[in-house]
Amino acid sequence: MSLDYRTLFEALRPEGALIIGALAVLGFDLSILRRLSESLRYRASLAVGAAAVVVAGCLACCGPYGPVFGGVLILDRLAVATRIGVLSLTLIALGTVASGQKLRHSAEYVAIMLFAASGLTLMAATQQLLVAFLALELASLSLYILAGFDKARPEAAEAGLKYFLFGGMAAAFLLFGFSLIYGLTGSVDLPEIAARLAAHAPGPLLMVALIMVLVAFGFKAAAAPFHLWAPDVYEGAATGSASFIASASKLAGITFFTRILWTGFYPVSGDASSLPLAPGWVPALAAVAGFSMLVGNFGALAQTNIRRLLAYSAISHSGALLLGVIAVGDFGVGPLFYYAFTYGIAVAGAFTVISVVEKSGPCQKITDLGGLFQRAPFLTGCLAIFTLSLAGIPPLAGFFGKFSVFASVLRLGGLGGPVGWLVVLAIALSAVALYYYLIVLKQALVTPAAQGATRIVVAPVAATTLALAAVLIVLLGLRPSLILSLF
Amino acid sequence: MIHHPLELCLVFSSLLFCIGLAGALSRSNSILVLLGIELMLNAANLNFVAFWRYGPSPAPATGIVFVAFSVAVAAAEAAVGLALVISIYRRQRSIRLQEAVRLKG
């Protein structure tokens, strides 16, 4: 094992930039900005945070390539793309924060968001169980704080606590599963684990370990039946936090699962593309994916709260993404990354719209969006692009994401096996999804505004964020090869 | 009947994990749920130490290093958890989870 500290340093430059940025935000806020007004401090912290994210993004583009530090980290195309994707979604989430109501202690908020982002970028590149666990916990602990940060609202504390309790349990499951895998294979490096697993016949202890790891992944990805925290967190957390949790953490999480499952547990993947099923984690993942799509789509139908609706739609998208993970082994990560990234942009954009509306009044119920077209045509246009992309309407990016993921899953075994049936189910449920997304749009476009509702002024930062996200959605929808040709 | 010490360790850690899980799922006091989660994490730590000590390849200190890190992570987790418990206590003057029902649906 060659330990090359210089390459390690070069590989970790984006994380370094984020940490230095976080410390700079805190330092400035404690020293220079202390005497200035609250709103100036707010803007300065966000600007420093955004600068750190941009620098980290540039450094992520031009780092070393291949295994780093004896294979502890791997910087392949997926890792680099996910890092850049996570950082751009962090930028959008900072835009969400900037366009919403002012939070107290903004410097701490931005610093914790940068810590979370560094955990997520590390998750994207890890290839060893210890670093994987540490990166996941760095990201998760920061996300719990972000969810409970908004002390002005009692819901936030509750959302944070629920997120923490569920997430902590998931972490314990993950650690227990990892410990069993370490015991069975004697290694914590994913390629070596795969080699050792291939040499031995799978035993019952391995199945227990796999189930524990999958339970933890289900919690983290908010897949049914482990989804219970998601609606509460999306509803209670500050809008910026919800946007970040829904977008960046989901993208990094999917890359993380894909890496661990396909690099580490490849020999015990099993098969679900045709009957009879071969035991392994693929059939379990397929079952979780199908259940998530059902629970997510039918749960969303019953919602009257826009954030809970987005949460249930996130659960159903998790199902589709987990379905995409199954196809990675044969057809590459391109479709999965494209889907996760464009989904992140669309959902972060939708939260940004909510955040802007919230400035001039509450935005919890779907009816709070009533008459948005008269109050702010630009916001309505952006909201239409984001929700239609989430629903999967061509030519927006959401359509092509779903299309490419489902096509790659179908190529596994056609319509003859359980995975093929799940694709049919997913396509049928897309029609259900279209219904609840159109309810949101109907409120915004058709329903008249409530009495006394005023025009909403869209601040320049918010307008830039929204325009950027909307342009990305349209552009990537028209030219999917911009991303797919990378893989 | 004498068992291999590794088996005994695994049985003990599985029991510890189950007790922690049962506690975390059944308690209504959020600090006791936190305790349950800590028990589960410690069960996993015990596994790492046992596999490191009695496993087939005891030479590298991987297991023990993993435990050192995960103890630190558990401490950080407890700190964040207690902070969240305090922030909810300030609002509702109680840390019972039955009363944390603002968010529902």
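The numbers here are math on the coordinates, done by the rules we state, and not lab data. The structure presented is a predicted model; accordingly, all values stated were derived computationally and were not measured. We place every Cβ from the backbone using ideal geometry, glycine too, and count neighbours over all the protein chains shown.
Could you list the trypsin sites (Lys or Arg not before Pro) in region A:146-247 that lie in coil according to DSSP, counting only those with at most 16 other Cβ atoms within 10 Å of their Cβ? Numbers along the way, then the final one.
Numbers: sites: A:Lys151, A:Lys162, A:Arg196, A:Lys220; in loops: A:Lys151.
The qualifying sites are A:Lys151.
For region A:61-75, the Karplus equation 6.51 cos²θ - 1.76 cosθ + 1.60, evaluated at θ = phi - 60°, returns couplings of 5, 10, x, x, 10, x, x, 10, 6, x, x, 5, 10, 10, 10 Hz by residue, with Gly and Pro reported as x. What FRET efficiency would be calculated for the residue pair A:Ala459, A:Phe298, taking the C-beta separation as r and a Förster radius of 35 Å, to the nearest 0.05? So the FRET efficiency works out to roughly 0.40.
Per residue of chain A, what 222 nm ellipticity follows from adding -39500 (n - 2.57) for every DSSP H run with n ≥ 4, rounded to the nearest 500? Intermediate results must be reported in sequence, preceding the final value.
Numbers: 21 runs with 358 residues, N = 487.
Per the formula, -24500 deg cm²/dmol.
Take the Cβ atoms of B:Val101 and A:Leu275, set R0 to 51 Å, and the FRET efficiency comes out at 0.70.
Treating the beta-carbon of each Lys and Arg as +1 and of each Asp and Glu as -1, no other charges, what is the dipole magnitude of chain B about its Cα centre, to the nearest 20 debye? Display every interim value, and only then the final one.
On the way: 8 positive and 4 negative charges, 127 e Å.
The dipole of chain B has a size of about 620 debye.
Taking only the Cα atoms of region B:5-99, the radius of gyration and Dmax are 16.2, 52 Å. With R₀ set to 30 Å, the beta-carbon distance separating A:Ser360 from A:Arg479 gives a calculated FRET efficiency near 0.25. State whether region A:269-487 is rounded, prolate or oblate according to the following rule on the C-alpha gyration tensor (a ≥ b ≥ c being the square roots of its eigenvalues): a/c under 1.5 gives rounded; otherwise a/b larger than b/c gives prolate, and the remaining case gives oblate. Taking the square roots of the gyration eigenvalues as a ≥ b ≥ c, region A:269-487 is prolate.
In whole percents, the pair-distance distribution calculated for region A:46-103 from its alpha-carbon pairs, binned every 10 Å from zero, is 23, 41, 24, 10, 2. The slack in the chain from A:Val446 to A:Tyr65, taken as 0.36 nm per residue of separation less the alpha-carbon distance, amounts to 132.0 nm.
Across region A:269-487, the mean sequence separation of Cα contacts (distance under 8 Å, 6 or more residues apart), normalised by length, yields a relative contact order of 28 percent.
Using a/c under 1.5 as the rounded threshold, could you call region A:361-487 rounded, prolate or oblate? The axes a ≥ b ≥ c are square roots of the C-alpha gyration tensor eigenvalues, and prolate needs a/b larger than b/c, oblate otherwise.
On the way: a/c = 3.96, a/b = 1.76, b/c = 2.25.
In terms of gyration-tensor shape, oblate.
Taking a straight line from the alpha carbon of A:Lys162, these lysines sit under 20 Å away, with near neighbours fewer than eight places off in the same chain left out: A:Lys151, A:Lys220, A:Lys250, B:Lys104.
Neighbour counts of other Cβ atoms within 10 Å put A:His105, A:His317, B:His3 in the fewest-to-most order B:His3, A:His105, A:His317. Under 5 Å between amide hydrogens, built in the peptide plane, is the criterion, and for A:Lys365 it picks out A:Ile306 among residues at least 5 positions away or on other chains. The equivalent ellipsoid of the protein assembly as shown has semi-axes of 36, 28, 24 Å, largest first, where each one is the square root of 5 times an eigenvalue of the Cα gyration tensor.
Which net charge results when you count Lys and Arg as +1 and Asp and Glu as -1 among the other residues whose beta-carbon is under 14 Å from that of A:Val423?
Numbers: positive: A:Lys402, A:Arg411; negative: none.
Spelling it out: positives minus negatives among the neighbours equals +2.
Annotation: the residues A:Lys365, A:Lys250, sorted from fewest to most other C-beta atoms within 10 Å of their own C-beta, follow the order A:Lys365, A:Lys250.
Along region B:7-16 the Karplus relation, 6.51 cos²θ - 1.76 cosθ + 1.60 evaluated at θ = phi - 60°, assigns HN-Hα couplings of 4, 4, 4, 5, 4, 4, 5, 5, 4, 4 Hz to successive residues, with x for each Gly and Pro. Each of A:Ile483, A:Ile92, B:Ile19 was scored by other Cβ atoms within 10 Å of its Cβ. Arranged with the fewest first, they read B:Ile19, A:Ile483, A:Ile92. Enumerate the residues in region B:1-44 having an amide nitrogen under 15 Å from the point lying 7 Å beyond the Cα of B:Ser94 toward its Cβ. Only B:28-31 pass the distance filter. Size of region A:11-81: Rg and Dmax of its alpha carbons, in Å, are 15.8, 49.
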